[in-house]
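Some notes on the structure that comes next.
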Amino acid sequence: MEHNGKLYIETVGCQMNMLDSELVVAALRNQGYELCESPKEADTVLFNTCSVREHAEHKIYSSVGRLKYGRRKRPNQVIGVIGCMAQKDQQKVFEKAPHVDLVVGTGQLAEIPRLVDEVRTTRKKQVAVSLGRRDGSRDAVAGSFTSYDPLRDPQMRPSPWQAFVRIMIGCDKFCTYCVVPTTRGPEQSRPPSDIAREVRTLAEQGVREVTLLGQTVNSYKHTEEGRLHRLSDLLEMIHDTSGIERIKFVTNYPKDMTDDLLQAMRDLPKVSRYLHVPLQAGCNDVLKRMKRGYTVEDYREMMQRINATLPDCAVSSDFIVGFCGESEESFQKSMDAVREFRFKNSFIFKYSPRPGTKADDLFDDDVPESVKKRRNNELLALQTAISEEDNAEFIGRTVEILVEGPSKKASRERASMDLPGWHDAAKLEATDDGAGADTVPADSSGAAASAAMQLVGRTKCDRIVVFDGNPRLAGTLAEVRVEDCTATTLLGAIVTREVQHGSAGLLPILS
Ligand code: SAM
Ligand code: SF4
């Protein structure tokens, strides 16, 4: 059946979902699809979903619901629900939203182009999902979840200089509140040689910073040619990839924060001094009910090892407030933990009971919503005050940053002026033969690509820095003197006045 070739995709959730969407879009673009801004224009609409909290699911179901009537006028339209919620709800998606045509789990994303065609030709609903965690042997279940890492479309990345790289899929920790072990299946690490090859390809495409992704990224292990590779080995293996300036990895599991990893971070200069290691709660009883596998004392011991090996390392956390049985006293222990560990930042979530999880089966969701909300606000206010105090320590210091590109503010201004997006500006840079600023095309986009604007970058310890500079700095390391701060951002002025650009010599960047 004919279709207009326009694809709309909405993505909710974590970085893993963002990467999945990037890859699905790349596969469809290879088949001639073109991205568009509204589901109303598109004959193919995909929702890449998250099941971690109920709120995320509601959001998706209401977006899907809004398409119900438009769909009647567009018989060619194919609507697909993909990712975590598809794996979790399976046929239930069709009961809740009968106008959906396609349900594809996290382990079957590679099949999307074929399944979309199948719906178009047969007009029959299609479902492709993996086995449930209890539907077979571990190997059989693991085999039904395949890691999806096809070649990239550089255009799909949020910035041309940064890319996510999946190093593992799934999770075997089974924290009692969490659906991820069900929606993403058993923990499986990718072969290190595949990862190294992907990083090399990305570097050749201009990527300067890679973020390695895994639900418990520091649990990575893979035996290749008789040798066990841990995350520390993988970091060493990819560290010297030509063109790569910075390597990050998220998210870490406290129990797996081994000394070899901390030492690798210390010894490998391109690895960020940043660790996202969620504590989740500051009370041992709550941690036990969450089945996190560590106590606050274990976490403290881990922090001491981090501080001893990497004194300049920033640590961030996640917290769940209002988990089953969390008394006021238990909650105050989370407040104490934030005071003690002084996280760079924390993501704070109200507990959301998830059907099929141990916590939902075993415990009452007994903290009222109003109390969850109040605790969320209190913990957030405390964390914000600490983040601001710690950021203030940077005022007057000069920091090295990897420049990502225009800040959100500058990008919004650029869009409102109807100038091309950042990728287009980067393309102009790439077509510049390296002879310098004067040869950048003198049309409006070329001019916009070289005039100073607000830029954003990150320090080696992952602090966000904004400053005014020439967008040519994107993808390079630059020195910025910090002049002010908020809880989330350092505000500064560029110190570096010269940059190596292509094959040309040193060029002035700011007058
Ligand atoms: N694998 C990571 C870890 O263990 O830290 C996190 C993965 S999860 C997608 C991201 C965060 O969502 C968790 O760290 C937790 O704080 C939060 N989360 C997970 N399940 C939740 C639930 N049922 N209710 C509220 N927050 C939840
Ligand atoms: Fe979920 Fe726990 Fe696995 Fe993180 S470690 S994905 S919170 S089960």
Q.
Take D285 and tell me if it is more than 23 Å from the chain's Cα centre (by Cα) and open to solvent by less than 50 Å² (accessible area, probe 1.4 Å).
A. no
Q | Odd one out for G206 among (1) out of contact with any Leu (no Cβ under 9 Å at 6 or more places or on another chain); (2) within 16 Å of ligand 2 (Cβ to nearest atom) | A | (2)
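I need the helices (runs of 4 or more DSSP H) fully contained in segment 120-225, keeping only those with at least 1 residues that are at pLDDT 95 or above. Talk me through it step by step, then tell me what you get.
Working: elements: 138-144, 180-183, 192-204.
Correct list: 180-183, 192-204.
For segment 7-27, does any single residue satisfy the condition of being of a type in the set (D, E, K, R), closer than 16 Å to K88 by Cα and within 16 Å of ligand 2 (Cβ to nearest atom)?
Pass one, segment 7-27, residues of a type in the set (D, E, K, R): 10, 20, 22.
If we keep only those that are closer than 16 Å to K88 by Cα as well, we get none.
Taking every residue of segment 7-27 in turn, none turns out to be of a type in the set (D, E, K, R), closer than 16 Å to K88 by Cα and within 16 Å of ligand 2 (Cβ to nearest atom).
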Q: Would you check if there is a residue in segment 323-340 being free of Cβ contacts under 8 Å to residues at least 24 places away in the same chain, more than 20 Å from I386 (Cα to Cα) and either within 15 Å of ligand 1 (Cβ to nearest atom) or in contact with a helix residue (DSSP H, G or I) (Cβ under 6 Å, 6 or more places away or on another chain) (or both)?
A: no
**Q.** Pair list, Cβ under 8 Å, 6 or more apart: segment 159-171 residue among the hydroxyl-bearing types (S, T, Y), other residue outside any strand (DSSP E or B)
**A.** S159/W422; S159/A474
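Answer yes or no as to whether N307 is assigned to a helix (DSSP H, G or I), polar (S, T, N, Q) and under 22 Å from D256 (Cβ atoms). I'd like the intermediate steps shown before the answer.
Values: assigned to a helix (DSSP H, G or I): yes; polar (S, T, N, Q): yes; under 22 Å from D256 (Cβ atoms): yes.
Considered against the rule, which asks whether it is assigned to a helix (DSSP H, G or I), polar (S, T, N, Q) and under 22 Å from D256 (Cβ atoms), N307 comes out as yes.
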Q | Members of segment 90-119 that are within 28 Å of the chain's Cα centre (by Cα), without any contact (Cβ under 8 Å) to a residue 40 or more places away in the chain and part of a helix (DSSP H, G or I) | A | K92, V93, Q108, E111, R114, L115
Q. What are the pairs, 6+ residues apart or on separate chains, where a residue within segment 353-365 that is hydrophobic (A, V, I, L, M, F, W, C) has its Cβ under 8 Å from a residue that is within 15 Å of ligand 2 (Cβ to nearest atom) and in a helix (DSSP H, G or I)?
A. A359/R289; A359/M290; F363/R289
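Before we move on, is I238 in a helix (DSSP H, G or I) and either out of contact with any Pro (no Cβ under 6 Å at 6 or more places or on another chain) or open to solvent by less than 10 Å² (accessible area, probe 1.4 Å) (or both)? Write out each step before concluding.
On the way: in a helix (DSSP H, G or I): yes; either out of contact with any Pro (no Cβ under 6 Å at 6 or more places or on another chain) or open to solvent by less than 10 Å² (accessible area, probe 1.4 Å) (or both): yes.
Answer is yes for this residue.
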Q. Regarding R397, is this residue free of Cβ contacts under 8 Å to residues at least 60 places away in the same chain and more than 16 Å from ligand 1 (Cβ to nearest atom)?
A. no
Q) Failed condition for L268, given (1) in contact with an Asp or Glu (Cβ under 7 Å, 6 or more places away or on another chain); (2) over 24 Å from F164 (Cβ atoms); (3) free of Cβ contacts under 8 Å to residues at least 40 places away in the same chain, with all others met? A) (2)
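Could you list, in sequence order, all residues of segment 1-26 that are polar (S, T, N, Q) and either crowded, with 19+ Cβ neighbours inside 10 Å or within 13 Å of ligand 1 (Cβ to nearest atom) (or both)? Give the derivation first.
Looking only at segment 1-26, we keep the residues that are polar (S, T, N, Q), and these are 4, 11, 15, 17, 21.
Once the filter is applied, which keeps residues that are polar (S, T, N, Q) and either crowded, with 19+ Cβ neighbours inside 10 Å or within 13 Å of ligand 1 (Cβ to nearest atom) (or both), segment 1-26 yields T11, Q15, N17, S21.
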Q.
Consider segment 135-168. How many of its residues are within 17 Å of V210 (Cα to Cα) and within 16 Å of ligand 2 (Cβ to nearest atom)?
A. 3
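Which residue is surrounded by the fewest Cβ atoms within 10 Å (Cβ to Cβ), if the candidates are limited to segment 341-355 and must be within 11 Å of ligand 1 (Cβ to nearest atom) and in a loop (DSSP other than H, G, I, E, B)? Write out each step before concluding.
Keep residues of segment 341-355 that are within 11 Å of ligand 1 (Cβ to nearest atom), which gives 346-355.
Still in the list and also in a loop (DSSP other than H, G, I, E, B): 351-355.
Values: Y351: 23, S352: 19, P353: 16, R354: 22, P355: 11.
If we take residues in segment 341-355 being within 11 Å of ligand 1 (Cβ to nearest atom) and in a loop (DSSP other than H, G, I, E, B), then P355 is surrounded by the fewest Cβ atoms within 10 Å (Cβ to Cβ).
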Q) In this structure, is S232 polar (S, T, N, Q), crowded, with 19+ Cβ neighbours inside 10 Å, away from ligand 2 (no atom under 16 Å from the Cβ) and touching a residue at least 60 places away in the same chain (Cβ under 8 Å)? A) no
Q.
Every residue in segment 180-195 that is open to solvent by less than 10 Å² (accessible area, probe 1.4 Å) and of a type in the set (A, V, I, L, M), please.
A. I195
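The values are calculated or read from the model by the stated rules, or taken from the named source; none is laboratory data. Predicted model only: the values in this text are computed from it and were never measured. Note that each Cβ is placed from the backbone with ideal geometry, even for glycine, and that neighbours are counted across all protein chains shown. Side chains are part of the model used for accessible areas, which takes the heavy atoms of the whole protein and leaves out ligands, DNA and RNA. Shrake-Rupley method; radii C 1.70, N 1.55, O 1.52, S 1.80 Å.
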